[in-house]
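Remarks on the structure that follows.
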Amino acid sequence: VHFAHLRLAVEALEQLPLASVRWIPSGQPGHRGAPAAGVEHRLAMLRLAIADESRFALDDADARSAVPTFTANTLARLRAELGAAVPLVLIIGADQLLALDTWREWKRLFELAHVAVAERPRFEVRAGALAGELAAEYARRSAEASALARTPAGAITTFFMTPLDISASAIRAGLAAGRTPRYLLPDAVLDYIASQQLYTEETGPR
């Protein structure tokens with residue numbers, strides 16, 4: 001977890017009618033390979049990163065799941081936990097919106113939650129860049145941020161994120177090459193990585 005992730009969450013809290021942001025790391029992502037670091041390490045790093053913000057909460061259910069996790073299943077779990085009336089907002093980036101129709105059960109997402117899309121320079125939402133059913137869903141569901149508080153699910157809104165070009169994969173590669181990622185992620189997380197010798201060529205991920 002790095003400063004772009006954290007800044008995204010803070011700006012979502014500032015610009016959207018949210019009471020909190022729930023961080024939900026994957027255990028076995030259904031759409032890609034397993035994360036490099038073990039689940040306990042990833043949970044420990046996330047706890048350190050979000051410890052100073054009372055509106056952040058860690059949800060470790062997916063991380064500890066014995067089966068691959070998909071966003072639709074995660075939202076269904078949250079809906080069952082919180083009830084049908086509570087508004088839920090899935091926060092994604094504009095680049096993820098472009099590929100949303102490739103996600104498993106992507107139309108079901110709108111039955112379970114609103115979708116808030118973070119825009120930044122060169123990654124704005126352009127309706128013309130969407131195609132087919134995704135374009136139709138965006139046109140039908142596009143709404144102002146205030147709409148997220150009025151219904152439990154179904155709207156798509158956008159908000160601006162301060163552009164921070166930080167990449168988790170680049171951080172891992174830099175660590176493996178012996179470079180420091182200081183000032184790209186919280187010191188507490190960097191200190192944990194060093195103490196556990198994570199992402200190094202000599203030891204590999206633990």
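The values are calculated or read from the model by the stated rules, or taken from the named source; none is laboratory data. Computed from a prediction, not measured in an experiment: that's the story for all the values here. Virtual Cβ from ideal backbone geometry, glycine too; neighbours counted across all protein chains shown. These accessible areas exclude ligands, DNA and RNA; they are computed on the full protein's heavy atoms, side chains included. Shrake-Rupley method; radii C 1.70, N 1.55, O 1.52, S 1.80 Å.
Where does each of 151-157, 97-103, 114-120, 50-56 land if you order them by average Cβ count within 10 Å, highest first?
Details: 151-157: 19.3, 97-103: 16.0, 114-120: 21.6, 50-56: 13.7.
Packing proxy ranking, top to bottom: 114-120, 151-157, 97-103, 50-56.
Within the full protein context, the accessible area of TRP23 is estimated at about 40 Å² for a probe radius of 1.4 Å.
Using a ≥ b ≥ c from the Cα gyration tensor of the range 85-125 (square roots of the eigenvalues), is it rounded, prolate or oblate, where a/c under 1.5 gives rounded and otherwise the larger of a/b and b/c decides, a/b for prolate? Provide the component values of the computation, followed by the final result.
Numbers: a/c = 3.99, a/b = 1.45, b/c = 2.75.
Cα axes put the range 85-125 in the oblate bin.
Over the Cα atoms of the chain, compute the convex hull volume and normalise it per residue, giving Å³. Can you show the working numbers first?
Values: hull volume 25.8 nm³, N = 206.
Expressed per residue, the convex hull around the Cα atoms of the chain is 125 Å³.
Helical runs assigned H by DSSP (4 residues or longer) give the chain a calculated mean residue ellipticity at 222 nm of -10500 deg cm²/dmol, each run adding -39500 (n - 2.57) before division by the residue total.
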